[in-house]
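Written below as structure tokens is the structure these notes are about.
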């Protein structure tokens, strides 16, 4: 899975199980945001909307659990 970790100027830092790379922000769809899961297909990056949504739900659930544990 490749995820947009962050943007640094005109570059996007992508994180995957193989490490991280920086690419030009122009190589991504204009609506790309930090945390989006990407697919590399036909020499271009596409946002995997289903995987991105699932990852964000999991992250929110994890955060809620951590906050709940912290309050106890």
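Please treat every number below as a calculation from the coordinates, not as lab data. Because the structure is predicted, anything quoted here is derived from the model rather than measured. Cβ atoms come from the backbone with ideal geometry, glycine included; neighbour counts cover every protein chain shown.
Could you check the stretch 47-65 and list, in sequence order, the residues that are surrounded by 15 or more Cβ atoms within 10 Å (Cβ to Cβ) and either touching a strand residue (DSSP E or B) at 6+ places or on another chain (Cβ under 6 Å) or not in a strand (DSSP E or B) (or both)? Those that are surrounded by 15 or more Cβ atoms within 10 Å (Cβ to Cβ) and either touching a strand residue (DSSP E or B) at 6+ places or on another chain (Cβ under 6 Å) or not in a strand (DSSP E or B) (or both): 48, 51, 52, 55.
Output the residues belonging to the stretch 34-43 that are over 13 Å from the mean Cα position of the chain (by Cα) and either within 13 Å of residue 2 (Cα to Cα) or surrounded by 11 or more Cβ atoms within 10 Å (Cβ to Cβ) (or both). Before the answer, list the steps.
Quick first cut of the stretch 34-43, residues over 13 Å from the mean Cα position of the chain (by Cα) only: 40-43.
Passing the criteria: 40, 41.
The set of residues in the stretch 10-33 being farther than 15 Å from residue 47 by Cα and loosely packed, with under 11 Cβ neighbours inside 10 Å consists of 10, 17, 18, 19, 24.
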